[in-house]
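Written below as structure tokens is the structure these notes are about.
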Amino acid sequence: MNKILLVEDDSTLAMGIEYSLKNEGYEVDLANNLAIGKKLADEKDYNLIILDISLPDGSGYDLCKHIRKSKTTPIIFLTALDEEVNVVMGLDIGGDDYITKPFRIRELLSRINAVMRRYSQTAQKSQDIAILESKDVTVKKIESKVVIKGKDIFLTPSEYKLLLILMQNSQCTLTRSIILEKLWDVEGDFVDDNTLSVYIRRLREKLEEDSSSPEYIKTVRGIGYKWDIPVRGS
């Protein structure tokens, strides 16, 4: 059974979400503040974390940063803050998706299913090409590990899947819409184009020596992106 941690201080909303998730077959742990959420996230392994941003003893952003220090568990933010800067900040620090309050429970369930499906696909062990190499970047697919010049690089599941999409189509220009379809695995209704820009920027910061003058991930103006260095597979 898939386990979900729900960190939400609104008890009425939390109970409603918990009831709906349990009806869908999920096991749910509730936390009504940052401290309890941090304790549960540290002690247990979850398939997904649903995280409110405004908590009585701190910010959900801080909890996300804490989780991302050691775990790649998918995170969906619940937020009443729908300004672009808040959405981008949540994605930039490691969130996988966000949903703005008020929302319909079916929409939340659809987001959960999409994120977990994407994470499951990323985590599957590929048996065809086990290793991808491109100059100083090596991807060990069976271990879901990325290495640059012998140093392990931490990527979130979404960042890792984006990297695979680009490297497996090296030197081919991919439109933003194609990348988003592959990355999100859902129709465009739930996709914010800013999300892709955030992930591209984060990948460049982690992979490139100079992210302002990228060598690996090139922008094709008005079209999309391409991995510009040849990739070898073994």
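Filtering segment 68-91 to residues that are in contact (Cβ under 8 Å) with a residue 60 or more places away in the chain, surrounded by 16 or more Cβ atoms within 10 Å (Cβ to Cβ) and part of a helix (DSSP H, G or I) leaves R68, V87, V88, L91.
Being assigned by TED's automatic domain parsing to the domain that holds G95 and surrounded by 18 or more Cβ atoms within 10 Å (Cβ to Cβ) narrows it down to one of A35, A14, so name that one.
Exactly one of A35, A14 is assigned by TED's automatic domain parsing to the domain that holds G95 and surrounded by 18 or more Cβ atoms within 10 Å (Cβ to Cβ), namely A14.
Looking for something within 30 Å of D52 (Cα to Cα), surrounded by 13 or more Cβ atoms within 10 Å (Cβ to Cβ), out of contact with any Gly (no Cβ under 6 Å at 6 or more places or on another chain) and at pLDDT 80 or above - is there at least one such residue anywhere in segment 128-135? Steps first, please.
Going residue by residue through segment 128-135, those that are within 30 Å of D52 (Cα to Cα) are none.
Checked segment 128-135: no residue is within 30 Å of D52 (Cα to Cα), surrounded by 13 or more Cβ atoms within 10 Å (Cβ to Cβ), out of contact with any Gly (no Cβ under 6 Å at 6 or more places or on another chain) and at pLDDT 80 or above.
When we screen L180, L166 for residues that are assigned to a helix (DSSP H, G or I), under 13 Å from the mean Cα position of the chain (by Cα) and among the hydrophobic types (A, V, I, L, M, F, W, C), the only hit is L180. Selection of segment 43-67 for residues being loosely packed, with under 14 Cβ neighbours inside 10 Å and closer than 26 Å to R117 by Cβ yields K44, D45, K65. Scanning segment 97-123 for residues being surrounded by 19 or more Cβ atoms within 10 Å (Cβ to Cβ), at pLDDT below 85 and of a type in the set (D, E, K, R) gives a total of 1. K182 passes all but one of (1) at pLDDT below 90; (2) touching a Phe, Trp or Tyr at 6+ places or on another chain (Cβ under 8 Å); which number fails? Evaluating K182 over (1) at pLDDT below 90; (2) touching a Phe, Trp or Tyr at 6+ places or on another chain (Cβ under 8 Å) leaves (2) as the failure. On the stretch given as segment 1-42, residues that are closer than 14 Å to G60 by Cβ and part of a strand (DSSP E or B) total 4. Of everything in segment 202-234 that is touching an Asp or Glu at 6+ places or on another chain (Cβ under 8 Å) and part of a helix (DSSP H, G or I), the residue that is surrounded by the most Cβ atoms within 10 Å (Cβ to Cβ) is L203.
The values are calculated or read from the model by the stated rules, or taken from the named source; none is laboratory data. The structure displayed is predicted, hence computed values, not measured ones. Cβ coordinates were reconstructed from backbone atoms using ideal geometry, including for glycine residues, and neighbour counts include every protein chain displayed.
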